[in-house]
Amino acid sequence: MQLSFPDSNDPAQKAEKRSAELRSLIGHHNQRYYQLDAPEISDAEYDALFRELLELEEQYPGLVTPESPTRRIGGAPLEKFRAVKHRLPMLSLDNAANEDEIRSKLDVRVKKLLGVGGDETVGYMCEPKMDGLAVELVYENGTLTGASTRGDGYTGEDVTANIRTLRCLPLTLNGTGIPALLEVRGEVYLPLDAFRKINRDKEENGEPPFANPRNAAAGSLRQLDPRITARRPLAIFCYAPGQVEGASFASQSDFLAAAAGWGLPVNPLVRAAAGIEEAVAYYREMQARRDSLPYEIDGTVVKVDSYLLQRELGEKSRSPVWAVACKFPPRQAETVLEDILLSVGRTGVITPVAQLRPVDLSGVTVARATLHNWDELAAKDIRIGDTVIVERAGDVIPAVVRVREELRNGSEKSMAPPQKCPQCGSEVVRIADEVALRCMGLSCPPQIRESIKHFASRTAMDIEGLGDRFVEQLLALGLVHNVADLYALTKDDFMAFERMGDKLASNLLAAIEASKSRELYRFIFALGIRHVGERTAKALAQAFGSLDNLKKATLEELTSIRDIGTTVAQSIRTFFDNEENLAIIGRMLASGVTPTATAKKVGGKLTGKSFVFTGTLTRFSREHAGKLVEDQGGSVVGSVSKKTGYLVAGTEAGSKLEKARQLGITVLDEEEFLNLLETSR
Ligand SMILES: [Zn+2]
């Protein structure tokens with residue numbers, strides 16, 4: 001009898017060990033990604049793991065287990081959202097990594113299964129592959145009644161309240177032939193400019209930034225508080241039907257045309273392809289256009305256009321045979337991290353920045369990369385002198401993805417978070433609940449510089465011509481120590497500048513003068529109060545009408561405003577409770593700065609009318625109702641006063657309803673409110 005001993009060189013045994021390892025790795029990264037919104041590896045690295053497991057399972061079919069991540073589609077839903085079962089499973093697509101694979105994994109298989117000759121062509125539909133979050137929308141008789149995330153493909157999370165906040169999505173469909181039931185699949189994404197802004201705000205506020213636009217979209221959509229979702233300008237493109245009753249479509253192109261006709265957002269870049277070579281050309285074209293799009297795409301999707309043929313082709317274990325996701329190569333490069341620089345922001349946040357040996361990253365030379373914050377630096381164990389992998393998403397600032405630890409030679413140096421501000425030497429503090437380190441110096445030069453630049457910027461006080469160069473000179477000459485000093489400048493002060501002419505000096509002075517009568521919201525925004533962005537500044541200006549009222553506002557009054565939570569309210573209160581801030585504002589007002597109350601939207605029939613909502617609303621969300629009111633020139637306020645125009649009362653309305661009745665204010669139920677909107681249009 002022959003005994004067989006375990007042999008570590010046996011390829012089957014090695015494959016078994018590796019596949020078990022891969023399954024557990026992928027499971028771990030799925031959880032980081034889908035449930036925690038905190039991935040540890042890049043998408044390209046995740047794809048590589050997944051692909052390796054798929055290949056092993058194809059080679060050794062005996063290794064496939066029912067729990068293998070290749071048999072599932074994603075993560076299980078979080079417990080905190082209600083679970084929703086999809087009527088039809090939301091399958092994921094097979095991936096193609098290059099042009100050859102688009103041909104072999106789609107066209108060759110499709111023709112073989114359909115018995116079509118090699119020189120004949122199959123009609124395809126090509127779509128950009130949005131790098132976002134898949135959702136399913138449910139329209140019943142043309143009204144949006146539900147929305148859920150993909151989840152594991154069979155069960156997702158109920159995100160109806162959040163989806164309703166997407167401005168680009170109709171709550172009711174328009175046009176003719178609207179089916180009794182229409183399930184539509186779409187990809188929710190965050191446009192790149194919004195992504196950058198959110199991350200800037202997050203870094204300023206000392207919160208960890210999102211790793212990429214997709215995480216930002218997922219994090220924004222899966223918020224238990226829809227008010228947070230509403231503040232994020234999420235968008236969606238619809239791409240496929242789910243279950244449909246009362247309408248039928250002959251093809252994907254037919255469906256997309258119908259969806260667009262009913263008012264659903266469909267990507268204008270979708271295109272029919274007569275044969276696989278046109279689909280390959282489309283893939284090439286989209287890859288070339290990738291950097292100029294206002295959103296992130298990570299490939300294209302090619303589908304057999306005819307639904308009849310799609311049904312004939314059917315599905316394999318985890319994905320349809322009639323479609324393939326054509327992935328773009330990752331935008332990664334390897335280089336050496338030469339130094340870690342410290343950058344001090346407007347609110348004193350000290351951020352580590354990687355200085356890199358310049359490297360080409362798909363056509364762009366990259367010499368700096370963000371390291372986000374000190375926690376991340378420590379978690380990734382990034383050291384000066386390390387060889388690192390840098391990744392760029394869209395035209396977003398490149399980030400260091402990971403370190404090639406195996407290339408270390410011992411000379412690499414870790415960097416500890418600074419104890420003192422590198423610019424002013426003040427104490428550095430880590431505020432509770434924040435990941436950021438902050439310089440607390442009141443006269444920290446970069447903070448002053450950035451706050452003056454912010455004050456003068458186009459979206460704030462719009463002081464034309466007072467750009468970065470002049471702000472730097474004003475500071476260097478000691479002419480300005482805070483924003484109030486701007487209004488004390490004379491022509492002679494400017495004439496002291498290098499390369500300054502008489503005309504330019506007069507223009508600058510005139511621009512400063514002109515800024516004295518900016519709208520109130522611009523002034524509020526320009527003050528640089530933490531957590532108060534342009535949008536919040538507008539809400540404050542509209543709600544309080546004057547700087548005096550805002551200065552006196554209580555926390556309760558502040559939080560009664562739509563979109564303002566306790567953190568923001570507290571930050572506003574802290575700002576106006578600071579004597580130094582009040583002194584600076586006082587000096588500006590004394591110099592003749594007179595912020596004018598925000599001009600309300602004119603033309604709407606509700607102009608000048610204020611609304612208070614109370615009780616439980618069942619016909620619409622407060623967010624949505626607020627938008628409708630504002631669209632017609634009205635405003636929404638938090639508490640009832642003599643000046644309130646209407647009180648809209650849902651069920652279980654309490655003290656506000658009583659107070660409105662006492663003051664003789666018109667009270668509307670939901671039906672009457674909708675009627676008012678109709679007639680005031
Ligand atoms: Zn400092």
Gained length - LEU407 relative to GLN570, 0.36 nm times residue gap less alpha-carbon distance
53.9 nm
The percentage of the accessible area of the chain (probe 1.4 Å, all protein chains present) made up of carbon and sulfur atoms, to the nearest whole number, is 51
Ranked by accessible surface with a 1.4 Å probe, highest first, in what order do HIS28, HIS481 come?
HIS481, HIS28
Show ASP468, ASP563 ordered by accessible area, largest first, where the area counts protein heavy atoms only and the probe is 1.4 Å.
ASP468, ASP563
Using the Cα gyration tensor of the stretch 132-176, the equivalent ellipsoid's semi-axes, largest first and to the nearest Å, work out to 20, 12, 9
Ordering TYR239, TYR154, TYR487 by the accessible surface of their heavy atoms, 1.4 Å probe, largest first, yields TYR154, TYR239, TYR487
Kirkwood hydrodynamic radius of the stretch 445-517 from all distinct Cα pairs, in Å?
12.1
Note down the nm distance, to one decimal, between modelled labels 7 Å out along Cα→Cβ at ARG82 and at THR459.
3.6
Might you work out the accessible area of CYS439 for me, using a 1.4 Å probe with all protein chains in place, and round it to the nearest 10 Å²?
0
Using the heavy atoms of the protein chains and a 1.4 angstrom probe, tell me the accessible area per residue for the stretch 513-624 in square angstrom.
47
Assuming R0 = 22 Å, can you tell me the calculated FRET efficiency for the pair LYS605 and GLU671, based on Cβ-Cβ distance, to the nearest 0.05?
0.75
Expected output is a single nm value to one decimal: the length gained when fully extending between ASN141 and ASP339, i.e. 0.36 nm times separation in residues minus the C-alpha distance. What is it?
65.3 nm
At R0 = 51 Å, how high is the FRET efficiency between ARG289 and LEU663 if r is their beta carbon distance? Nearest 0.05 is fine.
0.30
Mean ellipticity per residue at 222 nm, deg cm²/dmol - from DSSP H runs of n ≥ 4 across the chain, formula -39500 (n - 2.57)
-10000 deg cm²/dmol
Efficiency by 1/(1 + (r/R0)^6): what FRET value for SER104 and ASP563, r their Cβ-Cβ distance, R0 = 45 Å, to the nearest 0.05?
0.30
10 Å Cβ shell holding at most 16 others, DSSP loop, GluC sites (Glu not before Pro): longest site-free stretch of the chain
121-433
Report the relative contact order of the stretch 92-327, percent, no decimals, based on alpha-carbon pairs under 8 angstrom and at least 6 residues apart.
33
Of LYS85/LYS112; LYS202/LYS380; LYS453/LYS552, which pairs sit farther than 25 Å apart, going by alpha carbon to alpha carbon?
LYS85/LYS112; LYS453/LYS552
Cα extents of the stretch 635-675 per principal axis, largest first, Å, are 23, 23, 17
Only Cα pairs under 8 Å and at least 6 apart count here; give the relative contact order of the chain as a rounded whole percent.
9
Estimated Rh, the stretch 255-360: Kirkwood, alpha-carbon pairs, angstrom
18.2
Any idea what the relative contact order of the stretch 445-517 is, in percent, if you count C-alpha pairs under 8 Å spaced at least 6 apart?
32
For the chain, compute the orientation-averaged projected area of the C-alpha convex hull (one quarter of its surface), in nm².
39.2
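The values are calculated or read from the model by the stated rules, or taken from the named source; none is laboratory data. The model shown is predicted, which means the values in this text are computed figures rather than measured ones. As a convention, Cβ positions derive from the backbone with ideal geometry for all residues, glycine included, and neighbour counts pool all protein chains shown. Accessible surface is based on the protein model in full, side chains and every heavy atom, while ligands, DNA and RNA are left aside. Shrake-Rupley method; radii C 1.70, N 1.55, O 1.52, S 1.80 Å.
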